[in-house]
């Protein structure tokens with residue numbers, strides 16, 4: 001079985017404002033075979049800096065995440081939770097999500113069958129991409 005690229009994201013929620021609105025967008029990506037959820041953990045940091053990790057079924061506000069089709073569990077460990085928590089301000093939360101880019105599996109298979117191998121990859125931050133595109137638009141005007 002070919003595995004597509006694996007990605008993780010940490011989405012912060014200042015003031016612990018989880019509301020589940022991300023869940024339907026993730027469900028659309030799953031239904032369209034764009035991604036496959038591999039693991040999902042929610043993390044909070046209280047006013048004293050104490051960190052807690054929990055699953056979607058432990059808080060009513062996260063119930064919508066229970067409907068996501070995926071193989072959630074086992075990949076995110078204590079070190080990952082600590083890493084995600086480092087960037088959290090007191091009284092805030094985050095969702096740590098790992099997914100497989102299933103859309104890329106045909107490219108991965110073609111690359112491997114042609115003898116190619118991925119040498120490097122990365123993600124360009126959104127604000128840098130916006131700035132670059134804005135610069136292109138203004139240069140063409």
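The values are calculated or read from the model by the stated rules, or taken from the named source; none is laboratory data. Not measured: the values here are computed from a predicted model. Glycine gets a Cβ as well: all are built from the backbone with ideal geometry, and neighbour counts include every protein chain shown.
Each residue in segment 56-94 was checked for being surrounded by 14 or more Cβ atoms within 10 Å (Cβ to Cβ), in contact with a helix residue (DSSP H, G or I) (Cβ under 8 Å, 6 or more places away or on another chain) and within 16 Å of residue 17 (Cα to Cα), and 5 of them qualify.
Within segment 30-54, being free of Cβ contacts under 8 Å to residues at least 12 places away in the same chain and either in a loop (DSSP other than H, G, I, E, B) or surrounded by 16 or more Cβ atoms within 10 Å (Cβ to Cβ) (or both) holds for 32, 50. The single condition among (1) in contact with a helix residue (DSSP H, G or I) (Cβ under 9 Å, 6 or more places away or on another chain); (2) buried (at least 16 other Cβ atoms within 10 Å of the Cβ); (3) assigned to a loop (DSSP other than H, G, I, E, B); (4) at pLDDT 90 or above that residue 99 does not satisfy is (3).
Being at pLDDT 90 or above and over 19 Å from residue 123 (Cα atoms): is that true of residue 47 here? Yes. Scanning segment 10-29 for residues that are part of a loop (DSSP other than H, G, I, E, B) and out of contact with any strand residue (DSSP E or B) (no Cβ under 9 Å at 6 or more places or on another chain) returns 20, 21. Might you let me know whether segment 112-129 holds any residue that is modelled with pLDDT of 85 or more, surrounded by 10 or more Cβ atoms within 10 Å (Cβ to Cβ) and part of a helix (DSSP H, G or I)? Within segment 112-129 (the criterion being modelled with pLDDT of 85 or more, surrounded by 10 or more Cβ atoms within 10 Å (Cβ to Cβ) and part of a helix (DSSP H, G or I)), the answer is yes, since at least one residue qualifies. Residue count for segment 112-141 satisfying the condition of being more than 21 Å from the chain's Cα centre (by Cα) and farther than 19 Å from residue 7 by Cα: 16. Within segment 123-141, residues that are closer than 19 Å to residue 8 by Cα reach partners that are surrounded by 10 or more Cβ atoms within 10 Å (Cβ to Cβ) and at pLDDT 90 or above with beta carbons closer than 8 Å, at six or more positions or on different chains, in the pairs 123/7.
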